[in-house]
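Working notes, structure below.
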Amino acid sequence: MVRCALSRCQSAKRGNAAEELEDAIHFDPKPDPPGSPLEGPVVLLAIADGATESSYSRDWATMLVRDYCNHPFHNAKTLCDHVVALSERWRAVVARKGPLPWYAEEKVRSGAFATFLGLEIRESDEGPVVGGAWNAVAVGDSCLFHTRRHRLVESFPLVTSSQFGNNPELVPTDPRAIARLAEHVQKMKNGQWMNGDVFILASDALAAWCLREHERGGEPWRVLVELGFSPEDSEGSLTRLFESLLDSGAIKNDDLSVVIARLSAG
Amino acid sequence: MAYSAEISRTSPTCFLFVIDQSGSMADPFGGEPGVTKARRLADATNRLLQELVLRCAKEEGVRDYFHVGVIGYGATVGPAFVGPLAGKELVPISQVADNPVRLDEKVKKVDDGAGGLVDQTIRLPIWLDPVANDGTPMCTAFRMVRTIISGWVSQHPDGFPPVVLHVTDGEATDGDPTSELRGVTDLSSSDGNVILFNINVSSRAAKPISFPSTSDGLPDQYATMLFDTASLLTPAMRTIAAKEYQLEVGDNSRAMVFNADSGLVIMALDIGTRPGNLR
């Protein structure tokens with residue numbers, strides 16, 4: 001059994017309304033009762049960052065993370081199959097919005113785009129259970145950090161802050177572009193986890209800050225975990241961290257999302 | 001650092017197109033017989049306005065990141081929008097989006113994703129029509145531009161500075177416009193001076209000059225005047241020019257093209273309307 005204490009926080013770009021947030025996060029199974037740790041033989045976590053330039057990208061990001069948590073995929077072929085089916089649903093959802101003005105119609109024609117990162121955490125198949133295996137799939141610059149005792153074990157798919165740019169790879173809704181998606185989904189990763197390990201999923205601006213801090217000798221993982229699991233108002237603590245990073249210019253003004261998962265087995 | 005202000009709904013920027021509508025614009029571009037410069041320029045401006053709207057369009061509507069205007073000069077000097085926006089100098093981009101004079105339709109062949117092509121009907125919004133009449137009152141036009149931009153900057157003192165995109169095919173007929181052009185680039189917000197693009201279009205099939213760093217080699221005094229009064233390209237514009245258009249540009253490259261064909265006009269307008277920093 002995988003047992004996963006979860007903390008999360010999302011914040012819309014400064015100057016935008018909360019409902020304009022275009023990041024999406026999702027997980028499975030559902031905690032029961034709400035707020036309790038996730039428990040199951042498999043735990044799934046996903047994050048997606050809808051592209052600002054496209055319309056209905058929040059809907060697209062939400063569809064991607066929910067679909068992954070219902071039917072996780074492990075290779076480029078299954079990802080593309082899922083995306084083809086999902087894109088049809090996205091078009092159906094948009095079509096229900098009714099007649100659109102010329103500019104909205106044109107944006108829909110261009111489609112929506114989002115980065116995507118999915119993480120599957122499994123219990124061990126062997127012997128005394130002290131941990132298990134994980135695998136992840138990513139398109140773009142939403143990042144996964146696997147940490148142990150506040151030290152970085154794995155950074156995926158980007159490993160240095162200099163790799164962040166303005167043109168990340170994206171999952172498109174356009175069927176013509178989906179065919180080319182497989183070429184970009186060479187980003188698969190797997191590994192082993194142990195009791196007490198922490199996985200952090202972050203959208204690009206926060207992920208870039210984490211790696212910059214790490215590169216200059218800081219302990220971003222400790223900061224996030226301590227705030228994320230602080231006994232009182234963990235979400236408020238993370239929100240205040242985001243605010244102070246924005247105030248100081250340490251982080252780009254962008255939608256900010258983080259999921260922090262602390263694992264135990266047995 | 002100049003030209004680093006974020007462009008957002010609370011801090012928009014401004015694009016003002018200034019278009020030569022003199023009689024000589026009824027001539028064709030050099031090397032492109034059959035279609036007038038005025039027609040090509042109206043088409044390019046309509047497509048640029050469409051692109052600006054699309055950059056700001058989201059599911060809930062069009063976000064007012066930009067204020068936009070078009071000033072024409074020829075037989076008259078003044079706002080060049082036709083239809084519902086006629087007479088307006090600068091309007092928020094959402095008003096541009098909602099008020100084209102008409103939507104033309106065009107059938108386009110597009111990839112069907114299975115190796116074939118299918119017809120797709122697209123709607124092309126139109127805000128201005130080609131005009132070509134009379135002289136080239138550039139000085140008068142830029143006195144009006146200064147008034148418009150001065151008012152905008154005083155209302156947005158910390159915004160990303162306005163970009164003025166000036167397209168012309170000939171010399172002014174109402175005097176030397178140097179001081180009027182400089183009068184516009186002397187204006188500034190706290191984020192930098194107003195940016196002026198001078199785009200010269202040609203009736204001759206002459207060698208085009210793109211974003212020169214020096215006036216050496218320019219053919220005449222008129223070209224030198226356009227060079228001297230044009231702004232330096234901003235860092236973001238230089239990046240787009242180099243990366244997307246493979247142009248050789250440097251720190252001293254001016255926002256000026258000479259003897260432009262229609263393709264170069266579209267490229268220059270695209271570079272000029274992408275200042276970066278869009279939220």
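The values are calculated or read from the model by the stated rules, or taken from the named source; none is laboratory data. Remember, it's a predicted structure, so these values are computed and weren't measured experimentally. For neighbour counting, all protein chains shown are included, and Cβ atoms are generated from backbone atoms with ideal geometry for every residue, glycine included. SASA here: full protein model, heavy atoms, side chains in, ligands and nucleic acids out. Shrake-Rupley method; radii C 1.70, N 1.55, O 1.52, S 1.80 Å.
Listing for the model above:
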item	result
Cα point-scatterer Debye curve for the protein assembly as shown, base-10 log of I(q)/I(0) at q = 0.07 Å⁻¹	-0.48
For the stretch B:164-256: rounded, prolate or oblate by the Cα gyration tensor [a/c cutoff 1.5]	oblate
Prolate/oblate/rounded call for the stretch B:1-160, Cα gyration tensor, a/c under 1.5 rounded	oblate
Shielding score for B:198-211, defined as the mean number of other chain Cβ atoms within 10 Å	0
R0 of 51 Å, Cβ-Cβ distance residue A:229-residue A:85: FRET efficiency to nearest 0.05	0.85
222 nm mean residue ellipticity, helices alone, for chain B (DSSP H n ≥ 4; -39,500 (n - 2.57); rounded to 500)	-9000 deg cm²/dmol
In order through the stretch B:233-241: 3J(HN,Hα) via Karplus (6.51 cos²θ - 1.76 cosθ + 1.60), integer Hz, x for Gly, Pro	5, 6, x, 5, 5, 4, 4, 5, 4
Accessible area per residue, Å², chain A with all protein chains present, probe 1.4 Å	44 Å²
Protection proxy ranking, peptides A:165-175, A:194-204, average beta carbon neighbours within 10 Å, highest first	A:194-204, A:165-175
Extreme residue, positive dipole direction of the stretch A:1-139, given options A:87, A:101, A:47 (C-beta unit charges)	A:101
Other protein chain Cβ atoms within 10 Å, averaged over every residue that makes up A:51-64	2
Top of A:206, A:119, A:246 by mean-square fluctuation, Gaussian network on chain A, Cα under 10 Å	A:246
Highest average packing first - A:251-260, A:90-99, Cβ atoms within 10 Å	A:251-260, A:90-99
For the stretch B:1-57, alpha-carbon Rg over 2.2 N^0.38 Å	1.57
Out-of-range pairs (alpha-carbon distance over 24 Å; input B:88/B:243; A:107/B:108; A:77/A:187; B:108/B:207; B:37/B:106; A:77/A:107)	B:88/B:243; B:108/B:207; A:77/A:107
Cα pair distances exceeding 25 angstrom across chain B, given as percent	45 percent
Net charge over other residues, Cβ less than 15 angstrom from the Cβ of residue B:230 (K, R count +1; D, E count -1)	-1
Average partner coverage of B:53-65, which counts Cβ from other chains inside 10 Å	5
Which of B:153, B:217, B:11, positive extreme of dipole for chain B (C-beta unit charges)	B:11
Stokes-Einstein D (µm²/s) once Rh is taken as the Kirkwood radius of the stretch A:121-266 over alpha-carbon pairs, at 37 °C in 0.692 mPa s	199 µm²/s
Net charge over other residues, Cβ less than 13 angstrom from the Cβ of residue A:104 (K, R count +1; D, E count -1)	+1
Chain B: most fluctuating residue of B:171, B:60, B:105 per GNM, C-alpha cutoff 10 Å	B:60
Area buried, chain A against chain B - accessible surface, total, 1.4 angstrom probe, square angstrom	2000 Å²
Residue-by-residue Karplus 3J(HN,Hα) for the stretch A:68-76, coefficients 6.51, -1.76, 1.60, Hz, glycine and proline x	4, 6, 7, 9, x, 10, 10, 8, 5
Gyration tensor (alpha-carbon) shape descriptor, the stretch B:118-180, a/c threshold 1.5	oblate
Ranked by how many other beta carbons lie within 10 Å on average, peptides A:234-240, A:60-66 from highest	A:60-66, A:234-240
Among A:41, A:72, A:220: highest mean-square fluctuation, GNM of chain A, C-alpha pairs under 10 Å	A:41
Amide proton proximity set for residue A:112, modelled H, under 5 Å, gap of 5+	A:173, A:174
Cα-projected label distance for residue A:243 with residue A:149, points at 7 Å along beta-carbon direction, nm	3.6 nm
Pairs of Cα atoms farther than 34 Å apart, chain A, %	16 percent
Percent carbon-and-sulfur accessible area, the stretch A:98-159, ignoring ligands, DNA and RNA, probe 1.4 Å	51 percent
